[in-house]
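Q: Here's a structure for you.
The values are calculated or read from the model by the stated rules, or taken from the named source; none is laboratory data. Source: prediction; values computed, not measured. So basically every Cβ, Gly included, is an ideal-geometry build from the backbone, and we count neighbours across all protein chains shown. The area values use the complete protein model at the heavy-atom level, side chains included, leaving out ligands, DNA and RNA. Shrake-Rupley method; radii C 1.70, N 1.55, O 1.52, S 1.80 Å.
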Amino acid sequence: MARTLSSYQRPRAVDDALEALAAGPLTVLAGGTDYYPARVGEPCDEDVLDITALEELRGIAERHDHWRIGALTTWSTLARADLPPWFEGLQLAAREVGGEQIQNAGTIGGNLCNASPAADGVPPLLAQGAMVELASRAGRERMRLEEFILGNRRTARRPEQLLSAVLVPKPAARRAGGHFVKLGARRYLVISLVMVGATLEVGDDGRVAAAGLAVGACAPVARRLPAAERALEGAPCEERLGALLQPEHVSGLAPIDDVRASAAYRSDVALTLVRRAVSELAARL
Ligand SMILES: Cc1cc2nc3c(=O)[nH]c(=O)nc-3n(C[C@H](O)[C@H](O)[C@H](O)COP(=O)(O)OP(=O)(O)OC[C@H]3O[C@@H](n4cnc5c(N)ncnc54)[C@H](O)[C@@H]3O)c2cc1C
C-alpha cells in the first residue's frame, strides 16, 4: 500500500539536523522552489527535514584564502551582497534565477543539490573553482563542485549529509573578475537554453594569467572548457579576447534536443556566448 503519511522536523541547530539525518533517510527542504513544483499532484509521503531554521547556514563570510557562502543563502542575499568583481558572474546569475519571489526563497544549496543541467548557479561557481562543504555527524568534508554534481539530478551527497556551504577560493591575481551570460527563450523568468560562467585573472603584464570557463544546459552536467581556458592564458586581456576561441574549444559539450532548443542550435550558441562572455569581461577588467 502506498504511504500517505509523512513526518516533518524543523531543527534549529545544525547538530540536531545531522542527528536526524543519521537516524534515517529524510528529504531535505530548503526554499522549496524546486521541491514543491516537482511534487504537484503527488501524495505527500516523505519524511521531511526542513532546514530553514538553521541560521548558521545563512550568509557570506570572507576567510583567509576563500569566501564561504552558507548553503541557505538566498539568491536575493547574494545579488545584493557587497562582494568583489570576482563574484560578478555569480551575482548576475543570482539576479536571473526566476523572479523576485523565487530569489527571496531559493537558495544556493538547493540549486546545487537539485543538480538540474539548467541550474544557473553552477557555471559561475565552476568557473571560480568552487568547492562544496558537506556536513554529517562524522565531520565536514570538502569536495570540488565538478565532483559533487554527477549527472542530471544526481550528486555525490550521501543521505546522512547536508550541504552546509559553498567555498569559493580567492583569485591569485589582484586584477580578477567574473561574468555570466544566459540565453533563454525570452528576457525574464526563463529556464536557460545555454549559460556561461567566466572568470579571468590578469597579471601585472596585462596578460591573462588564468581563465575559468563553464557552460551549462549543454550536457547533463555543466562543463568546464579546459581547452578554451588554455587558449586564453598568456593572451593580452583586451576586448577582442573572445575571438581567440574556436569551435574545437567547445567540442566537448553534448547538448540535447528538447522542446526549448535543438542540439545544433545550442552548440552554435554556446560558442557565441562563450566568446561574448570572455570579451565583455576582458573589456571590463
Ligand atoms: C518559477 C521558477 C523559476 C525558476 N527559475 C530558475 C532559474 O532561472 N534558474 C535556476 O537555476 N533555477 C530556477 N528555478 C529553480 C529553483 O528556484 C532554484 O534551483 C533554487 O536555487 C532551489 O533552491 P531551494 O532552496 O528552493 O531548493 P529546494 O527546492 O528546497 O531543494 C532542492 C533540492 O535540493 C535538496 N536540498 C536543498 N538544500 C539542501 C542542502 N543544504 N543539503 C542537502 N540537500 C539540499 C532538496 O532535498 C531538493 O532535492 C526556478 C524555480 C521556479 C519555481
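Q: Once phi is turned into θ = phi - 60°, what whole-Hz ³J(HN,Hα) does the Karplus curve with 6.51, -1.76 and 1.60 give for every residue of segment 234-242, x standing for Gly and Pro?
A: My calculation for segment 234-242 gives x, 7, x, 7, 9, 4, 7, 3, x Hz in order.
Q: Carbon and sulfur: what percent of the chain's accessible surface (1.4 Å probe)?
A: Reported share for carbon and sulfur atoms: 51 percent.
Q: Springs between alpha-carbon pairs under 10 angstrom, Gaussian network model over the chain: which of Ala138, Ala263, Ala93 fluctuates most?
A: Comparing Ala138, Ala263, Ala93 in a Gaussian network model of the chain, the most mobile one is Ala138.
Q: Moving on. Could you check which residue among Gln91, Gln161, Gln246 shows the biggest mean-square fluctuation in a GNM of the chain with a 10 Å Cα cutoff?
A: Between Gln91, Gln161, Gln246, it is Gln246 that shows the largest mean-square fluctuation.
Q: Can I ask one more? Can you pull out the trypsin sites (Lys or Arg not before Pro) in segment 159-247 whose DSSP state is coil and whose Cβ has at most 10 other Cβ atoms within 10 Å?
A: Arg174, Arg186, Arg187
Q: Now a separate question. At 1.4 Å probe size, put Asp257, Asp82 in order of accessible surface, largest to smallest.
A: Values: Asp257 110, Asp82 150 Å².
Greatest to least solvent exposure: Asp82, Asp257.
Q: Might you work out the accessible area of Ile102 for me, using a 1.4 Å probe with all protein chains in place, and round it to the nearest 10 Å²?
A: So the heavy atoms of Ile102 present about 70 Å² to solvent.
Q: At 1.4 Å probe size, with every protein chain present, just tell me what the per residue accessible area of the chain comes to in Å².
A: So the chain comes to 48 Å² accessible per residue, rounded to a whole number.
Q: Also, I was wondering about something else. Place a +1 charge on the Cβ of each Lys and Arg in the chain and a -1 charge on the Cβ of each Asp and Glu, then give the dipole magnitude about the Cα centre in debye, rounded to the nearest 20.
A: Around 340 debye, computed over the chain.
Q: Ignoring everything except DSSP H segments at least 4 long, calculate the 222 nm mean residue ellipticity for the chain; use -39,500 (n - 2.57) per segment, divide by total residues, nearest 500.
A: That calculation yields -7500 deg cm²/dmol at 222 nm.
Q: Order Leu241, Leu26 by their accessible area, 1.4 angstrom probe, all chains in place, largest first.
A: Largest to smallest exposure gives the sequence Leu26, Leu241.
Q: How much net charge surrounds Pro25 when only the other residues with a Cβ under 9 Å from the Cβ of Pro25 are counted, with Lys and Arg +1 and Asp and Glu -1?
A: -2
Q: In the full protein assembly as shown, how much of Ser164 is accessible to a 1.4 Å probe, in Å² to the nearest 10?
A: Answer for Ser164: close to 0 Å² accessible.
Q: Starting from the Kirkwood Rh over alpha-carbon pairs, what translational D in µm² s⁻¹ does the chain have by Stokes-Einstein at 37 °C and 0.692 mPa s?
A: 169 µm²/s
Q: Now for a separate question. Around Gln101, under 15 Å between beta carbons, what's the net of Lys plus Arg minus Asp minus Glu among the other residues?
A: So the environment of Gln101 carries a net charge of -2.
Q: Rank these by accessible area, largest first, 1.4 Å probe: Met143, Met195, Met131.
A: Met131, Met143, Met195
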